[in-house]
Amino acid sequence: MLDLPTVAFYIIAILLVGTALAVVLSRNIVHAALFLAVFFGAAAGVYVLLNAEFIAIVQVLIYAGAVTILVLFAIMLTQNAMSRNANPFAGQWWLAAIICAALAIGIIYAVGSSKMALLSANASANMTTAGAAGGSIVRLGQLLYSPFDYSYVLPFEIASIVLLVAIVGAIVIGRED
Amino acid sequence: MPISDHVTAYLIVSALLFTIGAMGVLVRRNPLVMFMSIELMLNAVNLSFMAFAHFLNSVDGWMFVFLVLTVAAAEVVVGLAIIVSIFRSRHEIDVD
Amino acid sequence: MIFADISPFTYTPGATDWLRILPELILLGTGLLTLMADLVAAPGRKGWLALVGLAGVIGALVATVMLWAGGTYGDAFYGMVNDDRVALFASVVILFAVGVGLLFSPGYVERQGIVHAGEYYTLMILAALGMMLMSSASNLMMLFVGLEILSLALYILSAIVTTRRRSQEAGMKYFILSSFASAFLLYGMALTYGATGKTSLAGIRAFVTTHAFTMGSGFGPLLVVALGLMAVGFCFKVSAIPFQAWTPDVYVGAPTSVTAFMSVGTKVAAFVGLARVFLFALSPLRPTWEPVLWVVAVLTMIGGNLLAATQRDVKRMLAYSSVANAGYMMVAVATHTQASFQGLLIYLATYAAMNLGAFGVVLALERRDGQGTTLDDFAGLGRRNPALAALMALFMFALAGTPATAGFIGKWYVFYAAMRGAHVELAIIGLLASLVGVYYYLRVVWAIYFTEPATAPLLVTADESAPVHEPIASASATATGGVALAEPATATGIAMATRVLPAERAPVHLATWLGLALAGVLTLVLGIVPMLMVDWALAAAQTLVK
């Protein structure tokens, strides 16, 4: 039985894995950046499938928009400096590939065998927002400002310090004088 | 039950993306590509968070994703600034 | 109407919440203050900003001590931070590290020609803020945010000497590998969240205590993989073998004042974070992670010491020595008892004093071009600068673990706890590994007192095969700190610059002396009368490890 979400999921999943491989393997760095943009967009598609429209929008704005542009700028600024090295891959690529394959198999095995636990945990999951109506924005806002037993308001505020550090850092590193 | 309702499907995709990203960091020598691979890894983690949040019916995962987005944006700024400034002082970027 | 059944804003942090993060708030205020004071500071005369920062650090220290004395610790901000005694103990160590780091900075920043001195101090203070937040986190999210604040600030600080290529490369290397590690840690957090449905450490602990854990079924495999991923992330951050590859290059490339601060600060934050996750939240899963950390501890102790023993450059040797020390601390985590956690806290405090001091001496000897820290440069220091030589000898003896110094106390408590915690083998391996440590630490002392400089500081003795005027040009150009002349091109060039212009060594800045004295006094005091610290560490350990 193939319904629309399933078909969409398959398409997006193939797109995600394909573009991710393209980013890692393509020799042309501009191509890699463009594949990255497609990847970010496809990830937003998954979030829509998971009923998180707000996060999907933010994903498109920040990742597909801002981050891609910044990466392209960085490529533009450093284009002449890109290594003309014949082999863009490190010497022990096969070792890394083996490690990563083992990692993937391990995680997939764990995920696969933990399926039942997740579904049963579903019933006993925290009830903070169980009664909440509305979309993802409302539920996020509730978690921040009208908490049941905990609230993420402090990390949310502290994220501003992260941004402050980044701003100061970009100026320190980037300014020429 | 369609496959898109299975948390496992999302998590497998996430695991694949994460390891592809990790491989990119390990095998590529261009810092910009390594940097893009790190973004792949962070997005894979976000995907896991979203899937878990959906199937656990809790929005904690969303909050996490929200925060990772912020932090990733900050990292992009700093990381690219460092890479570009190295380019200015030295006309060859390569990491072993 | 969709909003009808939604409760209004019900959350307002109370006075206790703010009080409990008072040290962090003071530090944040100080960071912002230095950022603004930088605007009115005259270029080139920004040393007083360090004093502003120092005042804030002392303020935060007072607040921390008051919180400890008042005993009003506990959760704040709805389970996000928990400034228990562990966090307060860690805060004191971190504040000491950043305080001494700030004292080291004015002279060094001036000498290295760091243009962005104001931002330098701000970032240092904000990095310390991130460390404190990380060590007081009681939620995975706070742990991650704190880690990211400190990491971002340290990437920038490592790369801040824009005229020195090595510094920028250090920044980039640190950035890429540390973000890589952060991604692993984050993925581990995601799987933990998926397996337990919780993000708070207490919630995770409650879940794994009440639900039967089996390796092979249920949520077991997921949590095992999560543990592995988080272990990888933390091991990267504390630079444990096999994830230490970034450490030497970053520690050597970064400005020495930053290296001194971060070698201590990141270890405190990351180890306390590691303890909170592994010893507290996931302690029921001990049989799973204990063998892994055991292997890491053994590898790190042996590998770190052997690698350090092969170094000729003292700064690089200290970088590897910090790897080796991470191994001793890992022993404490792997042992997993209350006593061993107490040992970890003691080790962190003592390590802070002696390691900051050792890097401080290196900083005092380092020249403008970032050279001048090899064993040859230490030769004859005993005559040239007796005070500096005595301090370096003290720190080296302390790091080697000599009794009556701080280093002995730290090792004693960690290894004793390991023996009582049924990990005799770890204690024995640790002791044998520290014997190697004795060799390379005391080699520095030997160089200081019992060797002469390789060549007399005269031009005539310069290598005959090279034109005589070249080293002068190279050295004097370096002295003017030109942009393009960051480093002499060849090794012989460096060696000759060393011989030609020993007078280039600037006099040690007063603030640097103060920092060194502070570290030295603490190294002795913690070594001779450690009882107070030991009691505090015990009180702290009791709150986390039952």
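Return yes or no: is C:TYR108 of a type outside the set (A, V, I, L, M, F, W, C) and in contact with a His (Cβ under 8 Å, 6 or more places away or on another chain)?
Values: of a type outside the set (A, V, I, L, M, F, W, C): yes; in contact with a His (Cβ under 8 Å, 6 or more places away or on another chain): yes.
Judged against the criteria, C:TYR108 is a match.
Exactly one of these conditions fails for A:ILE14: (1) facing another protein chain (nearest Cβ under 9 Å); (2) over 14 Å from the mean Cα position of the chain (by Cα). Give me its number.
The single condition A:ILE14 does not satisfy is (1).
Please tell me if B:VAL76 is part of a helix (DSSP H, G or I), more than 7 Å from chain A (Cβ to nearest Cβ) and modelled with pLDDT of 85 or more. Can you show your working first?
Values: part of a helix (DSSP H, G or I): yes; more than 7 Å from chain A (Cβ to nearest Cβ): no; modelled with pLDDT of 85 or more: yes.
When the stated conditions are applied, B:VAL76 does not pass them.
Select from the stretch A:31-60 the residues that are more than 10 Å from every other protein chain (Cβ to nearest Cβ) and over 16 Å from the mean Cα position of the chain (by Cα) and list them in ascending order.
Result: A:HIS31, single match.
Could you list, in sequence order, the residues of the stretch C:176-198 that are of a type in the set (A, V, I, L, M, F, W, C) and more than 10 Å from chain A (Cβ to nearest Cβ)? Explain how you work it out, then say what you get.
So in the stretch C:176-198, the residues of a type in the set (A, V, I, L, M, F, W, C) come out as C:176-177, C:180-181, C:183-186, C:189-191, C:195.
If the condition is that a residue be of a type in the set (A, V, I, L, M, F, W, C) and more than 10 Å from chain A (Cβ to nearest Cβ), then C:ILE176, C:LEU177, C:PHE180, C:ALA181, C:ALA183, C:LEU185, C:LEU186, C:MET189, C:ALA190 are the ones that fit.
What pairs can you find where one residue is in the stretch C:201-221 and assigned by TED's automatic domain parsing to the domain that holds C:GLY273 and surrounded by 14 or more Cβ atoms within 10 Å (Cβ to Cβ), the other is part of a loop (DSSP other than H, G, I, E, B) and not hydrophobic (A, V, I, L, M, F, W, C), and their Cβ atoms are less than 6 Å apart, with a gap of 6+ or different chains?
C:LEU201/C:SER138; C:ILE204/C:LYS198; C:PHE207/C:LYS198; C:PHE219/A:SER114; C:GLY220/C:THR214; C:PRO221/A:SER114
Between C:SER179, C:SER239, which is in a helix (DSSP H, G or I) and among the hydroxyl-bearing types (Ser, Thr, Tyr)?
Values: C:SER239 fails: in a helix (DSSP H, G or I).
Just a single option satisfies the conditions, and that option is C:SER179.
From C:LEU27, C:LEU102, C:LEU67, grab the single residue that is within 14 Å of another protein chain (Cβ to nearest Cβ), buried (at least 18 other Cβ atoms within 10 Å of the Cβ), among the aliphatic types (A, V, I, L, M) and assigned to a helix (DSSP H, G or I).
Details: C:LEU102 fails: within 14 Å of another protein chain (Cβ to nearest Cβ); C:LEU67 fails: within 14 Å of another protein chain (Cβ to nearest Cβ).
Only one candidate passes the filter, namely C:LEU27.
Of the residues that make up the stretch C:1-13, is at least one of a type in the set (Gly, Ala, Ser) and modelled with pLDDT of 80 or more? Before the answer, list the steps.
Initial filter on the stretch C:1-13 (of a type in the set (Gly, Ala, Ser)): C:4, C:7.
Now narrow it down to the ones that are modelled with pLDDT of 80 or more: none.
Checked against the condition, which is being of a type in the set (Gly, Ala, Ser) and modelled with pLDDT of 80 or more, the stretch C:1-13 yields no hits at all.
Suppose the filter is closer than 24 Å to C:ALA90 by Cβ, outside any loop (DSSP other than H, G, I, E, B), within 22 Å of the chain's Cα centre (by Cα) and not β-branched (Val, Ile, Thr); does C:PHE234 pass it? Break it down into steps so the answer makes sense when it comes.
Values: closer than 24 Å to C:ALA90 by Cβ: yes; outside any loop (DSSP other than H, G, I, E, B): yes; within 22 Å of the chain's Cα centre (by Cα): yes; not β-branched (Val, Ile, Thr): yes.
Yes; evaluated as a whole, the condition is true for this residue.
Please enumerate the residues belonging to the stretch B:53-71 that are under 12 Å from the mean Cα position of the chain (by Cα), within 7 Å of chain A (Cβ to nearest Cβ) and under 14 Å from C:GLU148 (Cα atoms).
Across the stretch B:53-71, the qualifying residues are B:LEU69, B:VAL71.
Suppose we keep only residues that are at negative phi and in a loop (DSSP other than H, G, I, E, B) within the stretch A:10-60. Which one would you say is surrounded by the most Cβ atoms within 10 Å (Cβ to Cβ)?
A:ALA52
Find all pairs meeting these conditions: Cβ atoms under 7 angstrom apart; at least six residues apart or on different chains; first residue within the stretch B:17-29 and facing chain A (nearest Cβ under 7 Å); second residue of a type in the set (Asp, Glu) and surrounded by fewer than 24 Cβ atoms within 10 Å (Cβ to Cβ).
From residues that are facing chain A (nearest Cβ under 7 Å), the pairs are B:ARG29/B:ASP94; B:ARG29/B:ASP96.
Residue check, C:MET132 against (1) away from chain A (no Cβ under 11 Å); (2) under 18 Å from the mean Cα position of the chain (by Cα); (3) more than 19 Å from C:LEU274 (Cβ to Cβ), all met but one. Which one?
(3)
Based on what the data block shows, is C:LEU152 in a helix (DSSP H, G or I), at pLDDT 90 or above and away from chain A (no Cβ under 14 Å)? Walk me through how you get there before you give the answer.
Details: in a helix (DSSP H, G or I): yes; at pLDDT 90 or above: yes; away from chain A (no Cβ under 14 Å): no.
It is false that C:LEU152 is in a helix (DSSP H, G or I), at pLDDT 90 or above and away from chain A (no Cβ under 14 Å).
For B:SER37, state whether it is buried (at least 24 other Cβ atoms within 10 Å of the Cβ), without any contact (Cβ under 8 Å) to a residue 40 or more places away in the chain, touching a strand residue (DSSP E or B) at 6+ places or on another chain (Cβ under 9 Å) and at the interface with another protein chain (Cβ under 7 Å from one of its Cβ atoms). Lay out the reasoning, then the answer.
Details: buried (at least 24 other Cβ atoms within 10 Å of the Cβ): yes; without any contact (Cβ under 8 Å) to a residue 40 or more places away in the chain: yes; touching a strand residue (DSSP E or B) at 6+ places or on another chain (Cβ under 9 Å): yes; at the interface with another protein chain (Cβ under 7 Å from one of its Cβ atoms): yes.
Answer is yes for this residue.
Among the residues of the stretch C:70-92, write down those that are within 13 Å of C:SER136 (Cα to Cα) and assigned to a helix (DSSP H, G or I).
To start, the set of residues in the stretch C:70-92 that are within 13 Å of C:SER136 (Cα to Cα) comprises C:73-77, C:79-92.
Within the stretch C:70-92, C:ARG85, C:VAL86, C:ALA87, C:LEU88, C:PHE89, C:ALA90, C:SER91, C:VAL92 qualify.
For residues that are within 13 Å of the chain's Cα centre (by Cα) and under 11 Å from C:TYR320 (Cα atoms), tally how many sit in the stretch C:251-260.
Within the stretch C:251-260, residues that are within 13 Å of the chain's Cα centre (by Cα) and under 11 Å from C:TYR320 (Cα atoms) number 1.
Every residue in the stretch A:80-119 that is at pLDDT below 80, hydrophobic (A, V, I, L, M, F, W, C) and over 17 Å from B:SER48 (Cα atoms), please.
A:ALA81, A:MET82, A:ALA86, A:PHE89, A:ALA90
When you go through C:ALA55, C:ALA117 one by one, which is the residue that is more than 23 Å from C:ALA159 (Cα to Cα) and in the same structural domain as C:ALA269 (by TED's automatic domain parsing)? I'd like the intermediate steps shown before the answer.
Values: C:ALA117 fails: more than 23 Å from C:ALA159 (Cα to Cα).
None of the other options fit; the residue is C:ALA55.
May I ask you to list pairs of residues, at least six apart or on different chains, whose Cβ atoms are under 6 Å apart, with the first in the stretch C:514-534 being without any contact (Cβ under 8 Å) to a residue 60 or more places away in the chain and part of a helix (DSSP H, G or I) and the second being surrounded by 18 or more Cβ atoms within 10 Å (Cβ to Cβ) and not hydroxyl-bearing (Ser, Thr, Tyr)?
No pair meets every condition.
Could you identify the single residue in C:VAL145, C:VAL115 that is within 7 Å of another protein chain (Cβ to nearest Cβ) and part of a loop (DSSP other than H, G, I, E, B)? Spell out how you get there, then give the answer.
Details: C:VAL145 fails: part of a loop (DSSP other than H, G, I, E, B).
Only one candidate qualifies: C:VAL115.
Looking only at helices (runs of 4 or more DSSP H) that fall completely inside the stretch C:312-384, which ones have 3 or more residues that are assigned by TED's automatic domain parsing to the domain that holds C:ALA519 and in contact (Cβ under 8 Å) with a residue 12 or more places away in the chain? Before the answer, list the steps.
Numbers: elements: C:314-335, C:338-365, C:375-378, C:381-384.
Passing ranges, in order: C:314-335, C:338-365, C:375-378.
Among the residues of the stretch A:61-79, is any surrounded by 16 or more Cβ atoms within 10 Å (Cβ to Cβ), farther than 17 Å from B:ILE38 by Cα and at the interface with chain B (Cβ under 10 Å from one of its Cβ atoms)?
yes
The values are calculated or read from the model by the stated rules, or taken from the named source; none is laboratory data. Just so it is clear, the structure is predicted and the values come from calculations on it, not from any experiment. Glycine gets a Cβ as well: all are built from the backbone with ideal geometry, and neighbour counts include every protein chain shown.
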